[in-house]
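None of the figures in this text is laboratory data; all of them are computed from the coordinates on show. In this text, all values refer to a predicted model and were calculated from it rather than measured experimentally. We place every Cβ from the backbone using ideal geometry, glycine too, and count neighbours over all the protein chains shown.
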There are 2 protein chains.
Amino acid sequence: MNNKKEVNAAILIIGNEILSGRTKDLNTSTISSWLNKIGIRVLEVRVIPDIENKIVETLKELKKKYNYVFTSGGIGPTHDDITAESVSKAFDLKYEIHKEAYKILEKYYGKENFNEGRQKMVWMPSNAELILNPASGAPGFNVENVFCLPGVPSILESMLPGLKNKLVGGKPILSKTISLRTIESDIAKSLKEVQDNNKDVDIGSYPFFRKGKIGVSIVLRSEDQTKIDMCNSQILTFVNKKKIEIVERD
Amino acid sequence: MNNKKEVNAAILIIGNEILSGRTKDLNTSTISSWLNKIGIRVLEVRVIPDIENKIVETLKELKKKYNYVFTSGGIGPTHDDITAESVSKAFDLKYEIHKEAYKILEKYYGKENFNEGRQKMVWMPSNAELILNPASGAPGFNVENVFCLPGVPSILESMLPGLKNKLVGGKPILSKTISLRTIESDIAKSLKEVQDNNKDVDIGSYPFFRKGKIGVSIVLRSEDQTKIDMCNSQILTFVNKKKIEIVERD
């Protein structure tokens with residue numbers, strides 16, 4: 001745990017399908033956007049393969065470095081789902097049947113359909129706390145500051161609201177975007193001056209192509225709305241002076 | 001560099017816009033898929049903020065651990081583009097004007113339009129080798145095994161073919177996907193048996209939702225087509241026995 005006032009997190013995506021390029025990662029964006037609202041800032045994302053040793057070592061590193069770690073993937077019923085066992089090893093805990101999860105899934109599937117594959121999903125680190133799953137039954141879990149979520153984006157998303165009471169965030173991270181019909185090199189100098197005058201606001205500059213036209217989105221991020229507004233007005237000053245068209249603001 | 005026969009790589013995405021959730025990362029998928037074809041396997045992806053110290057430390061770690069490192073983002077003209085300077089520090093090299101890059105960009109923009117913002121993009125680690133950019137002029141570069149590419153997906157993609165002669169890959173990584181109208185827990189046991197009998201094939205199992213119907217995609221990956229075929233036929237055996245509908249194969 002770091003001692004800064006800011007509350008931070010890392011996301012650990014566990015899955016060969018992202019590394020191979022077969023599947024695009026959508027979960028980082030979902031988790032980060034949701035965490036921003038409750039004042040938790042994601043400072044690192046890692047994607048690693050379904051290899052136990054790699055998962056254990058990465059978890060040990062990240063859970064020390066960040067306030068929270070959110071994992072995605074590897075908690076289903078198949079042979080390549082090894083997240084729960086890896087978390088047990090990272091925390092030096094037994095890997096065992098979670099009684100509450102067993103009850104939930106036995107009820108969800110019905111006793112006669114609660115087969116061996118499904119029963120695998122109730123094996124967890126001992127004393128894991130459940131994260132309920134309104135979309136498809138099988139719960140995620142957390143051990144201390146490590147929160148384990150599934151890889152399927154719609155299921156992951158359904159489970160986030162249930163996490164809220166388990167997390168202590170800081171001030172929400174606010175942002176403002178101004179999209180301009182310009183190119184980065186024409187505003188780089190002015191933008192740097194604004195950044196130098198507004199050290200507490202993160203100013204990002206992102207070129208875009210939309211409907212065949214190019215532009216630049218400037219994103220201002222801070223916990224303090226007044227600082228964003230001040231920074232914004234300094235940007236509008238040079239934008240007006242340079243007669244740059246504003247495409248969009250939000 | 002590791003000494004295994006397999007040639008591996010890491011991808012380092014540098015950019016607050018991915019961490020904040022504002023932008024979804026598309027570049028991992030593009031780079032990984034392209035590398036697979038030339039026999040380079042991505043074993044790790046990291047996303048980190050535009051913070052110099054973090055970039056330098058991460059580069060030092062990854063360039064030692066993997067055969068190749070591909071970075072994306074942070075090589076444009078604005079204040080938040082600090083990749084080139086960070087690479088210089090990671091390799092203990094001077095950060096200076098690259099003469100060839102200067103000539104390329106001066107020609108691309110015309111002498112009169114080659115302003116201060118644009119000139120920032122020719123500052124690179126000394127002795128960097130250029131990666132040409134057919135889409136928008138400004139080249140990427142590599143120092144030893146670290147290859148620096150831009151963050152804009154279409155520009156990055158246009159630069160990959162120019163990388164081919166700089167990389168020494170292994171055998172291409174082949175894959176086969178079988179999509180089934182089933183649920184994971186109904187095939188988990190059979191699939192594990194196939195995995196146990198085919199240790200050299202990576203078998204991944206991925207639930208999907210398409211057009212309101214659920215299913216599971218099984219992905220087989222190996223450098224050896226014969227092994228994939230053998231594994232595939234064992235999967236088809238249990239699929240037929242269980243009378244599971246095959247939705248798609250590729």
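Note down the magnitude of the dipole of chain B about its Cα centre, charges +1 on Lys and Arg C-beta and -1 on Asp and Glu C-beta and zero elsewhere, to the nearest 20 debye.
800
Which pairs, out of B:103/B:166; A:63/B:37; A:242/B:54; A:243/B:103; A:89/B:192, put more than 25 Å between their alpha-carbon atoms?
Over 25 Å apart, Cα to Cα: A:63/B:37; A:242/B:54; A:243/B:103.
Name the aspartates and glutamates eligible as straight-distance cross-link partners of residue B:111: C-alpha to C-alpha under 16 Å, and not fewer than 8 places from it in the same chain.
A:186, B:100
Relative to the longest principal axis of chain B, what angle (0 to 90°, nearest 10) does the C-alpha long axis of helix B:184-197 take?
80
Rounding to the nearest 10 and keeping the result within 0 to 90°, find how far the Cα-based axis of helix B:27-37 lies from the longest principal axis of chain B.
Once rounded, the angle reads 70 degrees.
Rounded, prolate or oblate: pick one for the range B:174-249, where a ≥ b ≥ c are the square roots of the eigenvalues of its C-alpha gyration tensor, a/c under 1.5 means rounded, and failing that, prolate if a/b is larger than b/c, else oblate.
Here the range B:174-249 falls in the prolate category.
What list of ³J(HN,Hα) values in whole Hz, one per residue of the range B:62-78 in order, does the Karplus curve 6.51 cos²θ - 1.76 cosθ + 1.60 (θ = phi - 60°) give from phi, with Gly and Pro shown as x?
5, 5, 7, 6, 10, 4, 9, 10, 10, 9, 9, x, x, 10, x, x, 9
Mind running the shape call on the protein assembly as shown? Use the C-alpha gyration tensor, a ≥ b ≥ c as the square roots of the eigenvalues: rounded below 1.5 for a/c, prolate if a/b tops b/c, oblate otherwise.
Prolate is the answer for the protein assembly as shown, as a/c is 1.5 or above and a/b outweighs b/c.
Would you mind listing the distances between the residue A:96 label point and the same position in each other copy? Use 7 Å along Cα-to-C-beta, nm, one decimal, shortest first.
6.5
Angle check, please: helix B:225-241 long axis (alpha carbons) against the longest principal axis of chain B (alpha carbons), in degrees 0 to 90, nearest 10.
40
Would you work out the relative contact order for chain B, in percent, from Cα pairs under 8 angstrom that are 6 or more residues apart?
18
Among A:69, A:40, A:155, flag the residue with its Cα farthest along the positive direction of the charge dipole of the range A:7-166, charges on Cβ as +1 for Lys/Arg and -1 for Asp/Glu.
After comparing all options, I get A:40.
Taking each residue in A:110-120, count the Cβ atoms of any other chain within 10 Å of its Cβ, then average. What number comes out?
Mean partner shielding for this stretch: 3.
Would you tell me the mean number of C-beta atoms belonging to other protein chains that fall within 10 Å of each C-beta in B:10-16, as a whole number?
Counting Cβ atoms of other protein chains within 10 Å of each residue's Cβ and averaging gives 3.
Based solely on its DSSP helices, what 222 nm [θ] is calculated for the protein assembly as shown when runs of n ≥ 4 H residues each add -39,500 (n - 2.57) and the sum is averaged over all residues, nearest 500 deg cm²/dmol?
-10500 deg cm²/dmol
May I ask you to derive the relative contact order of the range B:174-249, considering only C-alpha pairs under 8 Å and at least 6 residues apart, and to give it as an integer percent?
Once divided by the residue count of the range B:174-249, the mean separation gives 45 percent.
Other chains' Cβ within 10 Å of A:71-81 residues: what's the mean?
Mean partner shielding for this stretch: 5.
Using the count of nearby Cβ atoms within 10 Å as a rough guide to exposure, how do B:247, B:168, A:146 rank from fewest to most?
B:168, B:247, A:146
Mind jotting down a quarter of the surface of the convex hull over the alpha carbons of chain A, in square nanometres, one decimal?
Spelled out: convex hull of the Cα atoms, projected over all directions, averaged, 15.9 nm².
How many nanometers, to one decimal and shortest first, lie between the label point of residue B:181 and those of its other copies, if labels sit 7 Å from Cα toward Cβ?
5.1
Using a Förster radius of 35 Å, what is the FRET efficiency between residue B:111 and residue B:33 based on their Cβ-Cβ separation? Nearest 0.05, please.
The value I calculate is 0.35.
Within the range B:183-210, whose backbone N sits under 18 Å from a point 7 Å along Cα→Cβ of residue A:135?
Under 18 Å, as judged by backbone N against the label point of residue A:135, lie B:183-185, B:205-210 of the range B:183-210.
Can you classify the range A:57-148 as rounded, prolate or oblate using the Cα gyration tensor, where a ≥ b ≥ c are the square roots of its eigenvalues, rounded means a/c under 1.5, and otherwise it's prolate if a/b beats b/c and oblate if not?
Judged from the Cα gyration tensor, the range A:57-148 comes out prolate (a/c at least 1.5, a/b above b/c).
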